[in-house]
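Student: Quick one: this structure, given as structure tokens, is what I'll be asking you about.
The values are calculated or read from the model by the stated rules, or taken from the named source; none is laboratory data. This is a predicted model, so every value here is computed, not measured. Please note: Cβ atoms are built from the backbone with ideal geometry, for glycine as well, and neighbour counts cover all protein chains shown. Keep in mind that these areas ignore ligands, DNA and RNA; they rest on the heavy atoms of the full protein, side chains included. Shrake-Rupley method; radii C 1.70, N 1.55, O 1.52, S 1.80 Å.
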Amino acid sequence: MEDSLYFSEQHLAVRNMVREFARGEVAPVAAELDAKAEFPWANVKKMGELGLLGIPWPEELGGAGLDLLSYMIVINEMAKIDASHAITISAHTTLGTSPIVNFGTAAQKKRYVPLLATGKVLGGFGLTEPSAGSDAASTRSTAVRKGSHYVLNGSKIFITHGGVGEIFIVTAVTEPGAGTKGISSFIVTKESSDLDKTKRLGIGHDDSLTSMRGFTSGKKEDKLGWRASDTRSLVFEDVEVPAENLLGEEGEGFNNFMRTLDSGRVGIAALSLGIAEGAFEHSLRYSTLRKQFGQRISSFQGIQFQLADIATEIEAGKHLMFHAAWMAQNKQPFSKQAAIAKLYCSELAMRTTIKAIQIHGGYGYTKEYPVERMFRDAKICEIGEGTSEIQRLVIARNLLKELAD
Amino acid sequence: MKIAVCVKRVPDMDVRFRIGADNISVDQGGLKFDINDFDAWAVEAALQLKDKNAGSEVTVISLGPDVVQETIRKALSMGADRGIQIKADKVPFDGLAIAKALSAELKTGGYDLILFGKMSPDSSNGVVGPMAAELLGLPCVTAISSLEIANGKGTAKRELEGAQEIVEFPLPAVLTVDEGLNAARLPSLKGIMAAKKKPLQIKPALLAEPQITVRKLELPAERKAGRIVGEGAAAVPELVRLLQTEAKVL
Ligand SMILES: Cc1cc2nc3c(=O)[nH]c(=O)nc-3n(C[C@H](O)[C@H](O)[C@H](O)COP(=O)(O)OP(=O)(O)OC[C@H]3O[C@@H](n4cnc5c(N)ncnc54)[C@H](O)[C@@H]3O)c2cc1C
């Protein structure tokens, strides 16, 4: 699908630009950042300058004003080279910024979105708690209204950009006993944990943001994959959050993040697919170079069949993902399509990277070849933004609902 | 300052080329195309001059079929102001024919500076820039690796074998750009959006009858596989013998 029914000339121009950026600036550093578990600040700065940290937001809010398909193309292209860079874009844009764009007041949008869309400051989304993972409704963090502010207590776990980010959307219970209708979301701010680096580079921090007392991030998780992405817990100890930072109405938090996750899932589908495509490209090339038994291994039918199967599945994944994005872009209900695309593409990334290592033999098991990193980066796609089991629940719920309608 | 940059759409060079059925052209199937690197550096040089000299205008010109509009748009998305396609069914091999068609357009533009890449890797003639300069009656500096413009005068550096040459020239002038002048910027997303709205004129090419034509294209002979004669000092006599009798280099 070099060209396809989904793409305009402009989409292809966006893709070429990101491809060039990913090959030129990301590929040379990806292995080292992975090994050191280092956040790619220098490239984040460049991505901000290119407009990659606010792709779908209107220009008045500092965004690039492009459509959702362009945004998915960017995540997909970036993940072909490095999943950590891709999740940085996706988590910052969909999780950290979209709730403010979609549910914020005019004042909230004006205050926060330009900082996020230009990449001046990084954003994140705090939903998951130690005892509320797949069952996000069992949120325990609380927000109690006291005059002109709320007092926030509790903690979040596994939050992308937890340390490096400064603006977060978090959920907390405002009406205990009311179930999902008792959950609200808030915009909370703190200082980046990398203040020295952000000051040196001139991004990642904004002095005008309040550093809310009692809002801190925990230690960085030491992960299997997505190692150049920053994942941490967030802790709230009697944090005074001004009432104007309530995002949407009280009690709408759960509904709003469900909607946010629908879009997020298309993004994870695009990212997973990128990992699969990247691993496939490496494997295809490698198979035409490696010789055993006096022949290129690509001449063995046992290898050819594997390549043909992966290519077929990737093609199917592209249609699922770009179609889900197209539905979202055209304002059609896309919750089922998003879950299907996420389920299929994330499991495809896992299958493909396993085969990619197999095709590389022992070399693929070493850090000399990028398929080893891609294999580790793929696994989280079956877990984050809803596990594969949860995607199946969402799909089934939609199927049964359609039957009942 | 009014600056023109002539750009060519060329195939990505990192692929294995096949010769087309006509035996005189490259099979275009499966090739990816982009702006010639040397031309991209020329565009970058123009944009840097524009950044320094407020009120400057950068015009990008490409000769060829409608697909070259994509190449022009890329330069526009980097920041050039307007584009002109000199429309021709195909790009002739004869550099003089190209230079004539381009200079017919260039002479009407009143440009202070006209930039070319020093060559394009597909035909590797390296003549279009100097020929256009001659046709326009302008001074020409080829293969520049640095550029400074001040008070209506230009200074450029040229890399020679083991030395550098610093040259000075009056404006208007024609320059061809070598590697090392700069690193071309990537278009930003805003640039890509803006490029859609920038003017792109299409004019017919006045193409002279080509005087040079390609008669035949051949791939270089396949290199023979290497041979390992033996290992260590014991292998030296045999190696010397083969170098004398077979390779005939000793
Ligand atoms: C690197 C990384 C980044 C992350 N980024 C963020 C972020 O930015 N923001 C955020 O809020 N969260 C984030 N998360 C959290 C992520 O969304 C959760 O880990 C995920 O939703 C799963 O929750 P859990 O880990 O508690 O697993 P659990 O919910 O405990 O699941 C354990 C197992 O039980 C299965 N299971 C649970 N319920 C059911 C059921 N009803 N039926 C069948 N099987 C079931 C699950 O599928 C899974 O296999 C991140 C996680 C990681 C690892």
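Student: What is the distance in Å between the Cα centres of the range A:33-71 and the range A:5-21?
Tutor: 15 Å
Student: Let me ask you something else. Debye calculation, C-alpha points only, no solvent: report log10 I(q)/I(0) for the range B:92-171 at q = 0.12, 0.15, 0.25 Å⁻¹, in the same order as the q values.
Tutor: -0.38, -0.58, -1.25
Student: Here is a further query. Hey, which aspartates and glutamates would be in cross-link range of B:K197, C-alpha to C-alpha under 15 Å, not counting anything within fewer than 8 residues on its own chain?
Tutor: Partners found: A:E9, B:E70, B:D81.
Student: Heavy-atom accessible area per residue, the protein assembly as shown, 1.4 Å probe: how many Å²?
Tutor: 47 Å²
Student: Across chain A, where is the longest run that never hits trypsin sites (Lys or Arg not before Pro) in a DSSP loop with at most 11 other C-beta atoms within 10 Å?
Tutor: The reported range is A:1-212.
Student: Charges on Cβ only, +1 for Lys and Arg, -1 for Asp and Glu, centred on the Cα centroid of the range A:251-405; of A:T312, A:F322, A:L271, which one is farthest towards the dipole's positive end?
Tutor: A:T312
Student: Going by the alpha-carbon gyration tensor, a ≥ b ≥ c the square roots of its eigenvalues, is the range A:260-316 rounded (a/c under 1.5) or, if a/c is not under 1.5, prolate (a/b greater than b/c) versus oblate?
Tutor: It comes out prolate by the Cα gyration axes.
Student: Still on this structure: Could you tell me how many degrees, from 0 to 90 and to the nearest 10, lie between the Cα long axis of helix A:27-36 and the main elongation axis, the longest principal axis, of the Cα atoms of chain A?
Tutor: 60 degrees
Student: What is the percent carbon and sulfur in the accessible area of the range A:9-117, measuring with a 1.4 Å probe over the protein chains and ignoring ligands?
Tutor: Roughly 55 percent, rounded to a whole number.
Student: If you don't mind, there's one more thing I want to ask. Which aspartates and glutamates, on any chain, are close to A:K355 with Cα under 13 Å apart, when same-chain ones fewer than 8 places away are left out?
Tutor: A:E277, A:E281, A:D309, A:E313, A:E347, A:E372
Student: Separate question: Could you calculate the FRET efficiency of B:F93 with A:K199 from 1/(1 + (r/R0)^6), where r is the beta carbon distance between them and R0 is 45 Å, rounded to 0.05?
Tutor: 0.20
Student: Okay, next question. Picking from B:E44, B:E57, B:E168, which is most flexible by a Gaussian network model of chain B using Cα springs under 10 Å?
Tutor: B:E168
Student: Compute the length gained on full extension between A:E237 and A:M258: take 0.36 nm times their separation in residues and subtract their Cα-Cα distance, giving the result in nm to one decimal.
Tutor: Here the segment from A:E237 to A:M258 would lengthen by 5.0 nm.
Student: Using the alpha-carbon atoms, what tilt in degrees (0 to 90, nearest 10) does helix B:37-52 show relative to the longest principal axis of chain B?
Tutor: 30 degrees
Student: State which entries of B:K87/B:K216; B:K107/B:K196; A:K223/A:K379 exceed 20 angstrom in Cα-Cα distance in the structure shown.
Tutor: Beyond 20 Å: B:K87/B:K216; B:K107/B:K196.
Student: Related question: If the chain between A:T312 and A:T387 were fully stretched, how many nm would it gain, using 0.36 nm times the residue separation less the Cα-Cα distance?
Tutor: Once the chain is fully extended between A:T312 and A:T387, it gains 24.6 nm.
Student: To the nearest 20 debye, what charge dipole does the range B:135-250 have about its Cα centre, counting +1 at the Cβ of each Lys and Arg and -1 at the Cβ of each Asp and Glu?
Tutor: 760 debye
Student: Follow-up. Over the Cα atoms of chain A, Rg to Rh with Kirkwood Rh, two decimal places?
Tutor: 0.98
Student: For Cα pairs less than 8 Å apart in space and 6+ apart in sequence, what is the mean separation divided by the residue count of the range B:131-250, i.e. the relative contact order in percent?
Tutor: Dividing the mean separation by the residue count of the range B:131-250 yields 17 percent.
Student: Taking B:K52 as the anchor, which aspartates and glutamates have their alpha carbon closer than 14 Å to its alpha carbon, excluding any fewer than eight residues away along the same chain?
Tutor: Within reach: B:E44, B:E148.
Student: Now for a different question. Averaged over B:109-120, how many beta carbons belonging to a partner chain fall within 10 Å of each residue's beta carbon?
Tutor: If you average over the peptide's residues, the count of other-chain Cβ atoms is 0.
Student: Under a plain spin-label model, where a point goes 7 Å from the Cα along Cα-to-Cβ, how far apart in nm are B:T155 and A:D206?
Tutor: 4.3 nm
Student: Continuing with this model, one more query. With the Cα gyration tensor of the range A:123-250 giving a ≥ b ≥ c as the square roots of its eigenvalues, does the rule (a/c under 1.5 for rounded; else a/b larger than b/c for prolate; else oblate) give rounded, prolate or oblate?
Tutor: It is oblate, given that a/c is not under 1.5 and a/b is not larger than b/c.
Student: Oh, and also: Out of the total accessible area of the range A:255-404 (probe 1.4 Å, heavy atoms of protein only), what percent is carbon and sulfur?
Tutor: 60 percent
Student: Taking the Cβ of B:P65 as the center, what net charge do the other residues with Cβ under 13 Å away carry, scoring Lys and Arg +1 and Asp and Glu -1?
Tutor: Local charge sum for B:P65: +1.
Student: Picking from A:T216, A:T352, A:T105, which is most flexible by a Gaussian network model of chain A using Cα springs under 10 Å?
Tutor: Among A:T216, A:T352, A:T105, the largest mean-square fluctuation in the Gaussian network model of chain A belongs to A:T105.
Student: Still on this structure: Chain pair B, A: how much accessible area is buried, both chains summed, with a 1.4 Å probe, in Å² to 100?
Tutor: That pair hides around 1300 Å² of surface in total.
Student: Let me have the relative contact order for chain A, percent, based on Cα pairs under 8 Å that are six or more residues apart.
Tutor: Relative contact order here is 17 percent.
Student: A further question follows. Please identify every one of the chymotrypsin sites (Phe, Trp or Tyr not before Pro) in the range A:260-327 that sits in a loop by DSSP and has no more than 14 other beta carbons within 10 Å of its own beta carbon.
Tutor: Within the range A:260-327, the qualifying chymotrypsin sites (Phe, Trp or Tyr not before Pro) (loop, at most 14 other Cβ atoms within 10 Å) are A:F293, A:F300.
Student: Calculated FRET efficiency, A:S138 and B:D14, Cβ-Cβ r, R0 60 Å, to nearest 0.05?
Tutor: Once the sixth-power term is evaluated, E becomes 0.65.
Student: Follow-up question, since we're still on this one. Identify which of A:I75, A:I383, A:I87 has the largest mean-square fluctuation in a Gaussian network model of chain A, with springs joining Cα atoms closer than 10 Å.
Tutor: Result for chain A, Cα springs under 10 Å: A:I383 fluctuates most.
Student: To continue, here is another question. Between A:K219 and A:T180, what length in nm is gained on full extension when 0.36 nm per residue of separation is reduced by their alpha carbon distance?
Tutor: My answer for the length gained is 11.1 nm.
Student: Put +1 on the Cβ of each Lys and Arg and -1 on the Cβ of each Asp and Glu in the protein assembly as shown; which of A:L122, A:M374, A:L400 then has its Cα farthest toward the positive end of the dipole?
Tutor: About the Cα centre, the residue reaching furthest to the positive side is A:L400.
Student: Which is farthest toward the positive dipole end of the range B:2-204 among B:L200, B:G126, B:P139, measuring Cα position about the Cα centre, with Cβ charges +1 (Lys, Arg) and -1 (Asp, Glu)?
Tutor: Checking the options against the dipole of the range B:2-204, the answer is B:L200.
Student: Something else now. In percent, what relative contact order does chain B have, based on Cα pairs under 8 Å that are 6 or more apart in sequence?
Tutor: Taking the mean separation of contacting Cα pairs over the length of chain B, I get 23 percent.
Student: Sticking with this structure for a sec: When ranked by the protection proxy of mean other Cβ atoms within 10 Å per residue, highest first, what sequence do the peptides B:78-84, A:267-273 form?
Tutor: Order by mean packing, descending: A:267-273, B:78-84.
Student: Determine the sum of side-chain charges near B:D51: Lys and Arg each +1, Asp and Glu each -1, restricted to other residues whose C-beta is under 11 angstrom from that of B:D51.
Tutor: Within the 11 Å Cβ shell, the charges total +2.
Student: What pairs from A:K45/A:K197; A:K181/A:K336; A:K109/A:K190 go past 21 Å between their alpha carbons?
Tutor: Among A:K45/A:K197; A:K181/A:K336; A:K109/A:K190, the Cα-Cα distance tops 21 Å for A:K181/A:K336.
Student: Sticking with this structure for a sec: Under 14 Å from the Cβ of B:V240, count the other residues' Cβ atoms, weight Lys and Arg +1, Asp and Glu -1, and hand me the total.
Tutor: It works out to a net charge of 0.
Student: I'd like the FRET efficiency for A:S4 and B:A194, computed as 1/(1 + (r/R0)^6) with the beta carbon distance as r and R0 of 25 Å, rounded to 0.05.
Tutor: 0.50
Student: What does the C-alpha gyration tensor say about the overall shape of the range B:13-158? Classify as rounded when a/c is under 1.5, otherwise prolate if a/b is larger than b/c, or oblate.
Tutor: Taking the square roots of the gyration eigenvalues as a ≥ b ≥ c, the range B:13-158 is prolate.
Student: Still on this structure, I have one more. List the residues of the range A:3-23 for which accessible area in the full set of protein chains is at least 10 Å² lower than for the chain on its own; 1.4 Å probe, protein heavy atoms only.
Tutor: For the range A:3-23, once contacts with the other chains are taken into account, A:E9, A:Q10, A:A13, A:V14, A:N16, A:M17, A:R19, A:E20, A:F21 lose 10 Å² or more.
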